[in-house]
Amino acid sequence: MSEVKELDWYTLAAVGIIGGLVLIILAALLNTQLNVWYFSFLGAAGAILATVWGADAVRKICKYGIGTGVPSIGMLAFGMGLLATLLGLRIGDYLVTQTGSSYAIYAGPVIALVLSLIQGAIIGYIANAVLKMKIPTMQIGMIFIAGAASIILMGFTTAIAGAFDYKTMVTFVFNTGFIAPLFMIGALPMLHPFNACLGPDEEQSRTLTLAVEAALLSSIMFGIMSLFVFDQGPNATLIPSLITIVLAVIGWAYAYLAYFKKVKESGVIILNTGVLPKKEA
Amino acid sequence: MDPITLLLILVGITIGGLLVGVGVHFVPVGGAPAAMAQATGIGTGTTMLAFSSGALGLISAGFTVHDIYSGSLKGAYPNFAPSLNDGTLLTASGIGPNLGAIVLVIAAGIVGSMLMMVILAVMANILYAFAIAVPLVSAKVKYDPITGDRQDLYVTRGTEGHGTPTVALISALIGGLLAGAGGAILYLALVASKFSVPTAAFIAIGVFFVNSVLASYNITGTIEGFHDPKFKRIPRAIIACTIASFVLGIWAIAIVYLGVV
């Protein structure tokens, strides 16, 4: 197997933060400016970039063996991210009422991300200093997974409801009950890749390909959920949901084949030597 | 919003989170080896165990809140619904008349959580005893602290015990009691601060996850119960869970301060 240079996790963090935030804000901006819902799929795309970032952070932390299984860290990330994200988005809504400018809403995701990063830093500090886990990547890793969880929550909220403000999130994601699948299959693409690929010949490109594949699979589900949200009111339309679903299905098929190719590349041929002879000669 | 209410919500979330974190230390978590009958405890990870017991605790607490709010228990606790509606449940004057209802909700959470623990432990024990045919023993102690039964003779060589013996089962019940009470307090604090029911439930689940995962990091994934030597690490978890829940509580009261809807 050829030695491939790994992507630095700070590079992936930049991709996750900038790409994720830009795509989520762009989705909401285009939706409001053009008064359509067609760009909601961009939210899912932002969430996918954040998933890649989070999956790499999970990979870097769990390499040391945390003793509780990889899934625990994804659930921890979403537990940390949920309240911080809600508060950040609430502050965004608050700024709109205070300043009177409707553009203040776009500060919400940025504040949510910053609060999640702070929350992650606190939990990472607790894990290393109080619980004495002594994992060198824990501090930055926790900051990263909390931030990734926050962007994933906002991204898939945009995919489901077309906007990310606090009121939309509470009305169309929490009160409809979609938060339950969002919590689980939103966290799954982040924690599953390393859980599935871990082992001595685990390599970054294969794990992250699986992360993209799993995130696209989740996007299909959130596209289906958005059918309920967009099919309401006087301008009920199914087109935005169908855009999300069709793009996610096409992307998923491509990512699945790419992952399958990677698996075949890392696989080895097993030579059948038969069973051992019964008597030694 | 009344500052005393905000303080009470913060205290409620901190105590709730702390109880969850302490409760996890009592639950016999065996992890994957226990699922193969090679270690003592319930055969799954802490996260799933805490979530299953916490979710059932939340469901029973939520059901009781609903029952007191608008169901069959409305007549018995007439003050509860009005004070939940105008957000005065968690004020100095609101707690007194509603103490009975609050205790009832916490008790319901405890019952749900303990029920889940005992189902998880005893149903698995039936399978261990009659399907895999292993005795239910602990490898961490020589004699069961509760029944006094000899343990070490029955542990298969190369394993760390099997199933959930009496002491671990009692420990699981204590864990369910603490985690259920913690979950119910969390839920009640959030519902009383006028979050919608699904929002309150999922914020409670979020706090639940943070504390249960931090606690399981403290015990490095597996523990047998209060007789396990790892149980002595509990002071660290108390500090960690208090800080973590306190920070989460600050986010929550900030949302409440800005208005939940």
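The values are calculated or read from the model by the stated rules, or taken from the named source; none is laboratory data. Here the structure is a predicted model, which means the values were calculated and not measured. Here Cβ is always computed from backbone atoms with ideal geometry, including for glycine, and neighbour counts include all displayed protein chains. What goes into the accessible areas is simple: the full protein's heavy atoms, side chains included, and nothing from ligands, DNA or RNA. Shrake-Rupley method; radii C 1.70, N 1.55, O 1.52, S 1.80 Å.
Within the listed set A:M154, A:M75, A:M190, the Gaussian network model of chain A (springs between alpha-carbon atoms below 10 Å) gives the highest mean-square fluctuation for A:M75.
Charged side chains reduced to their Cβ positions (Lys and Arg at +1, Asp and Glu at -1) give chain B a dipole of some 340 debye around its Cα centre. On the principal axes of its alpha carbon atoms, the range A:87-210 extends 54, 31, 24 Å, with the longest extent given first.
Just so you know, the Rg over Rh for the range A:1-51 is 1.22, from Cα atoms, with Rh as the Kirkwood radius. From its DSSP helices (H runs of at least four residues, each -39,500 (n - 2.57)), chain A gives a residue-normalised ellipticity at 222 nm of -23500 deg cm²/dmol. Just the number, please: carbon plus sulfur as a percent of the accessible area of the range B:207-261, 1.4 Å probe, no ligands or DNA/RNA counted. The nonpolar share, carbon plus sulfur, comes to 75 percent. Excluding ligands, DNA and RNA and using a 1.4 Å probe, chains B and A jointly bury around 3200 Å² of accessible surface, summed across both partners. Taking every C-alpha pair closer than 8 Å and separated by at least 6 residues, the mean separation divided by the residue count of chain B gives a relative contact order of 36 percent. For A:E280 and A:Y10, the difference between the fully extended length at 0.36 nm per residue and the C-alpha to C-alpha distance is 91.4 nm. Rolling a 1.4 angstrom probe over the protein heavy atoms with all chains in place gives the range B:3-258 an accessible area of 38 Å² per residue.
Note on the range A:196-281: percent of Cα-Cα distances in each 10 Å bin, starting at 0 and stopping at the bin with the largest distance, equals 15, 29, 20, 16, 11, 5, 3, 1, 0.
Listed by chain and number, the lysines whose alpha-carbon sits under 22 Å from that of B:K74, ignoring those within fewer than 8 places in the same chain, are B:K194. Working value for the protein assembly as shown: equivalent-ellipsoid semi-axes of 38, 34, 20 Å, each the square root of 5 times a Cα gyration tensor eigenvalue, largest first.
Protein heavy-atom accessible surface, 1.4 Å probe, per residue over the range A:9-265: 36 Å².
Across the alpha-carbon atoms of the range A:20-161, the computed radius of gyration and Dmax are 16.2, 52 angstrom.
Considering every alpha-carbon pair of chain A, the percent of pairs per 5 Å bin, from zero through the bin containing the longest distance, is 1, 6, 12, 17, 17, 15, 11, 8, 5, 3, 2, 1, 1, 1, 0, 0, 0, 0, 0. Within the same chain, aspartates and glutamates fewer than 8 places from A:K5 are excluded, and of the rest, those with a Cα less than 13 Å from its Cα are A:E203. Cross-link partners of A:K167 among aspartates and glutamates, defined as those whose alpha carbon lies under 14 angstrom from its own and excluding same-chain residues fewer than eight positions apart: A:D93.
In a GNM of chain A with a 10 Å cut-off on Cα contacts, which of A:P136, A:P193, A:P240 has the highest mean-square fluctuation? Result: A:P136 has the largest fluctuation of those listed.
Kirkwood Rh over Cα pairs of the range B:3-258 into Stokes-Einstein at 4 °C, 1.567 mPa s: D in µm²/s?
My calculation gives 69 µm²/s for D.
For the range A:184-281, applying the loop criterion from DSSP together with a ceiling of 13 other beta carbons within 10 Å to the chymotrypsin sites (Phe, Trp or Tyr not before Pro) yields no site. Mean-square fluctuations from a GNM of chain A, with a 10 angstrom spring cutoff on Cα atoms, peak among A:K167, A:K261, A:K60 at A:K261. A simple spin-label model places the labels of B:A35 and B:T166 3.1 nm from each other, with each point 7 Å out along Cα-to-Cβ. Over the C-alpha atoms of the range B:45-192, the Rg to Rh ratio, Rh being the Kirkwood estimate, stands at 1.16.
When the helices of chain B are scored as -39500 (n - 2.57) per DSSP H run of n ≥ 4 and the total is divided over every residue, the value at 222 nm lands at -22000 deg cm²/dmol. Summarising the amide proton neighbourhood of B:A39: residues at separation of 5 or more, or on other chains, whose placed amide H is nearer than 5 Å comprise B:A34, B:E160, B:G163. In percent, rounded to a whole number, the relative contact order of the range B:116-208 is 24, using alpha-carbon pairs under 8 Å and six or more apart. For a quick check of your reading of the filter: which trypsin sites (Lys or Arg not before Pro) in the range B:99-155 sit in a DSSP loop and have no more than 12 other Cβ atoms within 10 Å? Answer in residue order: B:K142. Dividing the C-alpha radius of gyration of the range A:103-156 by 2.2 N^0.38 Å, with N its residue count, gives 1.28.
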